[in-house]
Amino acid sequence: MTAGTLTPLPSADLPPPAAPKARGLGERLSPYAYIAPFFVIFGVFGLFPFAFTFYVALFDWNPIGDQVFIGVDNFTRMFGDPRFWNATGNTLSIWALSTIPQLLLALVLAHVLNHARLRFALFFRMSVLVPYVTSVAATAIVFAQLFDRDYGLLNWLLGLVGVEPVDFVQSTWGSHVLIATMVTWRWFGYTTLLYLASLQSVPRSVFEAAAIDGAGPWQRFRHITVPSLRPVIIFTVVTSTIGGLQIFTEPLLIASGAPLTCGAVRQCQTLTLFLYEQGFGQFEFGYGSAIGVALFVMVVAIAAINYLLSTRIKADR
Amino acid sequence: MKLRLPLLSTAAVLALVAACTPGTGGGGGGDGKSFEFWSFSAINQKLTVDAYTAKHPDIEIKLTEVGTSTETAQSLTTALAGGKVPDLVLIQGDNLPQFVEQPQNFVDLRTLGADDIKGDYLDWVWNQSVAKDGEVLGVPTDVGGMAVAYRTDLFAAAGLPTDREAVSALWPTWDAFIETGKRYKQATGKAFTDNAATSVFYQAVNQVSEKYYSADRKLVYSTNPQVKAAFDLGIKAATAGITSGQSSFESAWSAGMAQGQYAAVSAPSWMLNSIRSTAPDTKGKWDIAKIPGASGNWGGSYLAIPKRAKNPQAAWNYIKEMQSPQGQLEHFSRVGALPSTPSVYQDAKLTDAKDPFFSDAPTGKIYTDSLLGLKPFYIGPDSAAIGQEFLNAITNVEQSGGDPATAWDDAVRNIKTAIGE
């Protein structure tokens with residue numbers, strides 16, 4: 001083909017200008033129609049209820065009785081309610097007990113799974129994800145039995161070495177440890193894979209060069225693995241914090257005698273469980289919504305911290 | 001994925017439920033030949049429904065076993081707030097007051113002829129479903145009564161009598177019950193009863209003449225000496241070392257019952273079914289003795305018709321027939337629920353009824369006796385929440401090492417928070 005025999009431009013074949021305008025309108029609108037189902041459903045089941053929660057929070061709202069506007073009374077009541085602060089404290093305690101060991105464990109595991117000479121690497125990498133795909137209810141039931149005071153495997157083992165049985169569910173720290181163990185068990189594999197994926201983008205030559213230069217395993221971990229994972233570590237800290245603020249199923253299922261309060265003295269009642277107890281146990285919809293709003297504010301605050309941290313990391317580079 | 005879904009979905013449910021205004025629409029509009037019936041699971045309601053449809057082949061009943069009594073009440077609340085309501089619903093006595101407070105959600109059964117059958121029922125049971133302007137919201141289907149179920153084999157091993165008369169004589173009072181517990185513990189080293197909160201406090205507090213509310217419907221839970229006395233009994237039992245510290249209906253409680261970890265458990269009539277299904281291998285090893293203290297009642301349910309029901313008349317026909325004295329007597333023979341109609345308490349079908357699971361104990365007689373001379377008290381909208389906090393306070397002492405000296409004050413403070421007083 002030579003320069004002189006260029007094929008005609010496609011535009012030469014186009015119909016007169018009026019027709020593309022009509023078709024263009026349909027074409028311009030059709031993408032919106034394609035994505036409309038998601039946004040309509042999101043609006044009905046996500047956005048509207050979300051906004052409506054703020055509205056309900058201003059009422060003394062009895063679902064089968066009167067709805068009285070009370071302004072911010074639900075919030076004043078909440079700030080003076082020891083149960084709210086108890087739930088907040090429990091949530092933070094369970095969050096700390098679950099997130100920190102979980103991330104450390106995942107970090108070490110990812111480092112090991114990324115090792116060049118690891119055999120059956122795929123098998124191990126897939127195995128860590130098994131707890132994540134197990135139903136959370138099944139996990140909770142199994143763990144509650146393992147940790148049971150009278151018939152639990154753990155107390156049986158403790159008994160073999162002469163330790164008195166521990167009532168995990170009924171004690172504050174015990175129930176927190178139990179729930180944190182379940183959360184860690186469920187999420188560590190997911191976090192490990194995130195770290196591993198990020199680690200694999202680090203050229204192996206970097207590790208090899210460090211090894212040749214005499215860096216031991218700990219130094220390679222400390223000076224290569226951790227720094228190269230910094231953005232994803234921040235990401236997992238934030239997601240597990242937001243997830244940690246909303247722990248619900250585990251505390252609901254472990255204290256079968258008093259599920260909505262997670263025990264007689266609310267020793268493991270988290271914020272979401274408190275919300276559920278008030279909203280759907282006591283049917284105080286207004287108060288329940290106010291707790292939901294408070295929870296939302298906390299989540300937003302953490303998301304904001306995330307944003308600040310991640311922009312700073314970008315700026316550092 | 002784990003980010004905001006729980007918050008959003010909770011908000012979604014809240015708003016969906018809240019968005020609809022209650023009490024819209026009137027009754028009627030159905031075909032009158034079929035109706036929907038919401039009941040609890042695990043109470044064998046199907047037997048009674050089948051008995052009715054066998055007699056009335058033209059009637060179709062859609063029975064839904066929603067779940068526990070609490071779950072049924074929660075579903076009903078959601079339905080009343082805006083969903084599809086059943087034509088007939090079973091409400092447990094503890095959940096009833098919150099509905100009685102909002103009578104506009106239900107058919108006033110007087111409009112269907114409730115006044116004609118009122119005389120058949122124990123008046124204190126009937127009165128619990130009467131709202132402030134006299135509306136009748138429910139017809140009582142059964143009452144609990146009270147007794148203690150005990151293991152004859154374990155009692156024998158501890159050197160205690162096993163005959164139900166002799167065992168009843170062991171504990172005329174709750175103090176004597178606790179003393180018996182100490183004897184049992186000393187002889188066997190094992191727990192005597194399942195827990196103090198439910199088996200002692202919750203029974204004793206239902207044997208009073210005035211509970212959390214006074215007769216004129218004022219809150220008196222913190223000043224009523226009868227409540228305090230029951231609470232102190234609960235604490236005394238919790239600290240006496242005679243309980244196995246397992247909350248009723250917990251999994252460890254069920255396992256403990258099957259393994260004979262405790263020898264006695266407080267048993268309103270509906271608890272017998274629970275023992276049967278929890279520990280089927282212990283058949284014949286149980287017997288039933290009188291409850292310590294005075295007469296009293298725990299439990300019992302009501303049938304109500306929501307205002308927006310499509311077939312209120314068909315539902316009412318069912319109530320009228322199946323909850324008549326004879327209907328309840330047949331129900332007792334079928335599943336053991338104690339009738340709320342005193343006219344059948346002398347009927348041989350009830351007095352001669354023996355339960356082989358419980359060493360042929362005359363259950364009908366034991367439970368109706370426990371109701372004789374009962375002094376009714378008012379149950380208010382916050383009664384369930386108050387009772388729960390008292391239970392929690394005793395459980396805290398019993399299972400979590402709470403301080404018995406401050407338990408009462410803690411409970412009262414928690415109640416004030418819970419009911420927003």
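Can you list the helices (runs of 4 or more DSSP H) lying wholly within the stretch B:307-421 that have 3 or more residues being in contact (Cβ under 8 Å) with a residue 24 or more places away in the chain and farther than 30 Å from residue B:108 by Cβ?
B:363-371, B:383-399, B:404-419
Would you mind stating whether residue A:84 is assigned to a helix (DSSP H, G or I), touching a residue at least 60 places away in the same chain (Cβ under 8 Å) and in the same structural domain as residue A:208 (by TED's automatic domain parsing)?
Yes; evaluated as a whole, the condition is true for this residue.
Counting only residues that are more than 8 Å from every other protein chain (Cβ to nearest Cβ) and hydrophobic (A, V, I, L, M, F, W, C), which one in the stretch A:52-64 is surrounded by the most Cβ atoms within 10 Å (Cβ to Cβ)?
A:57
Checking the structure you have, find out if any residue of the stretch A:188-206 is within 30 Å of residue B:259 (Cβ to Cβ) and away from chain B (no Cβ under 12 Å).
no
I'd like to check something: does the stretch B:97-104 contain any residue that is in a strand (DSSP E or B) and at pLDDT 90 or above?
No: zero hits.
Count, please, the residues in the stretch B:228-280 that happen to be β-branched (Val, Ile, Thr), over 18 Å from the mean Cα position of the chain (by Cα) and either closer than 25 Å to residue B:369 by Cβ or within 14 Å of chain A (Cβ to nearest Cβ) (or both).
Looking only at that region, the number is 2.
Yes or no: the stretch B:108-125 includes at least one residue that is closer than 18 Å to residue B:213 by Cβ and touching an Asp or Glu at 6+ places or on another chain (Cβ under 8 Å).
Within the stretch B:108-125, none of the residues are closer than 18 Å to residue B:213 by Cβ and touching an Asp or Glu at 6+ places or on another chain (Cβ under 8 Å).
Assess whether residue A:163 counts as being among the hydrophobic types (A, V, I, L, M, F, W, C), free of Cβ contacts under 8 Å to residues at least 12 places away in the same chain, assigned to a loop (DSSP other than H, G, I, E, B) and farther than 23 Å from residue A:207 by Cβ.
yes
Please tell me if residue A:228 is in the same structural domain as residue A:180 (by TED's automatic domain parsing) and under 24 Å from residue A:187 (Cα atoms). So that I can check it myself, show each step before the final result.
Working: in the same structural domain as residue A:180 (by TED's automatic domain parsing): yes; under 24 Å from residue A:187 (Cα atoms): yes.
Yes; evaluated as a whole, the condition is true for this residue.
Residue-wise test of (1) more than 17 Å from the chain's Cα centre (by Cα); (2) crowded, with 23+ Cβ neighbours inside 10 Å; (3) under 30 Å from residue A:282 (Cα atoms); (4) away from chain A (no Cβ under 14 Å).
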{"residue": "B:309", "(1), (2), (3), (4)": "yes, yes, yes, yes"}
{"residue": "B:320", "(1), (2), (3), (4)": "yes, no, no, yes"}
{"residue": "B:347", "(1), (2), (3), (4)": "yes, no, no, yes"}
{"residue": "B:350", "(1), (2), (3), (4)": "yes, no, no, yes"}
{"residue": "B:356", "(1), (2), (3), (4)": "yes, no, no, yes"}
{"residue": "B:369", "(1), (2), (3), (4)": "yes, no, no, yes"}
{"residue": "B:403", "(1), (2), (3), (4)": "yes, no, yes, no"}
{"residue": "B:413", "(1), (2), (3), (4)": "yes, no, yes, no"}
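Test residue A:239 against the stated conditions and say whether it is buried (at least 19 other Cβ atoms within 10 Å of the Cβ) and in contact with a Gly (Cβ under 9 Å, 6 or more places away or on another chain). If you could, list the steps in order and put the result at the bottom.
Values: buried (at least 19 other Cβ atoms within 10 Å of the Cβ): yes; in contact with a Gly (Cβ under 9 Å, 6 or more places away or on another chain): no.
Considered against the rule, which asks whether it is buried (at least 19 other Cβ atoms within 10 Å of the Cβ) and in contact with a Gly (Cβ under 9 Å, 6 or more places away or on another chain), residue A:239 comes out as no.
Hey, does the stretch A:110-127 have a residue that's farther than 30 Å from residue A:219 by Cβ and surrounded by 12 or more Cβ atoms within 10 Å (Cβ to Cβ)?
no
Considering only the stretch B:199-248, how many residues are in contact with a strand residue (DSSP E or B) (Cβ under 7 Å, 6 or more places away or on another chain), in contact (Cβ under 8 Å) with a residue 40 or more places away in the chain and under 20 Å from residue B:379 (Cβ atoms)? Break it down into steps so the answer makes sense when it comes.
At the first step, the residues of the stretch B:199-248 found to be in contact with a strand residue (DSSP E or B) (Cβ under 7 Å, 6 or more places away or on another chain) are B:199, B:203, B:212-213, B:219-220, B:237, B:242-243.
So of that shortlist, the ones also in contact (Cβ under 8 Å) with a residue 40 or more places away in the chain come out as B:199, B:203, B:212-213, B:219, B:237, B:242-243.
The next check asks that each one be under 20 Å from residue B:379 (Cβ atoms); those that pass are B:203, B:212-213, B:219.
Final tally of qualifying residues: 4.
Could you tell me whether residue A:285 is more than 22 Å from residue A:72 (Cβ to Cβ) and aromatic (Phe, Trp, Tyr)? Give the derivation first.
Working: more than 22 Å from residue A:72 (Cβ to Cβ): no; aromatic (Phe, Trp, Tyr): yes.
No; evaluated as a whole, the condition is false for this residue.
The values are calculated or read from the model by the stated rules, or taken from the named source; none is laboratory data. On a predicted model such as this, the values are computed, not experimentally measured, just so you know. Note that each Cβ is placed from the backbone with ideal geometry, even for glycine, and that neighbours are counted across all protein chains shown.
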